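Since the structure comes first, as structure tokens, the remarks are kept for the end.
The values are calculated or read from the model by the stated rules, or taken from the named source; none is laboratory data. On a predicted model such as this, the values are computed, not experimentally measured, just so you know. All Cβ positions, even for glycine, are placed from backbone atoms using ideal geometry, and neighbour counts span all protein chains on display.
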């Protein structure tokens with residue numbers, strides 16, 4: 001059992017210490033294709049933010065509820081207008097961030113794999129699932 005635990009921990013990788021909103025912007029994606037961000041300008045990383053109408057705080061609470069109901073998500077950090085979550089697959093952990101942009105009526109998003117080069121589109125698919133659940 002010890003070897004399996006070590007292997008799983010190695011696949012998860014350590015929590016990054018460079019995440020978080022800095023001056024109203026989330027960290028840029030690395031050059032590898034295993035990251036999506038609503039702040040990205042390159043097409044392979046670009047994903048639309050989560051749009052909402054009405055009360056911004058209610059929209060952010062709705063997002064928090066969506067994440068709380070997902071079996072693969074654990075909210076790690078929560079500050080005013082900012083959420084950070086770990087999104088797990090069987091072997092890997094991805095880091096997702098959500099930043100409330102009240103002025104634009106959107107929640108900016110970023111999701112990136114901790115390890116590896118390609119995620120075969122998993123971060124994009126998962127963020128689109130969250131978008132769909134958020135819109136319901």
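Numbers at a glance
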read-out: Filter result (under 17 Å from residue 73 (Cβ atoms), in contact with a strand residue (DSSP E or B) (Cβ under 9 Å, 6 or more places away or on another chain) and part of a loop (DSSP other than H, G, I, E, B)) within region 91-111; value: 92
read-out: Failed condition for residue 66, given (1) in contact with a helix residue (DSSP H, G or I) (Cβ under 6 Å, 6 or more places away or on another chain); (2) assigned to a strand (DSSP E or B); value: (2)
read-out: Selection from region 69-90 of residues that are part of a loop (DSSP other than H, G, I, E, B) and surrounded by 13 or more Cβ atoms within 10 Å (Cβ to Cβ); value: 70, 72, 81, 89
read-out: When residues of region 113-130 are limited to those that are in contact with a strand residue (DSSP E or B) (Cβ under 9 Å, 6 or more places away or on another chain) and in a helix (DSSP H, G or I), the one surrounded by the most Cβ atoms within 10 Å (Cβ to Cβ); value: 123
read-out: Some residue of region 1-18 being farther than 17 Å from residue 116 by Cβ and either modelled with pLDDT of 95 or more or in contact with a strand residue (DSSP E or B) (Cβ under 9 Å, 6 or more places away or on another chain) (or both); value: no
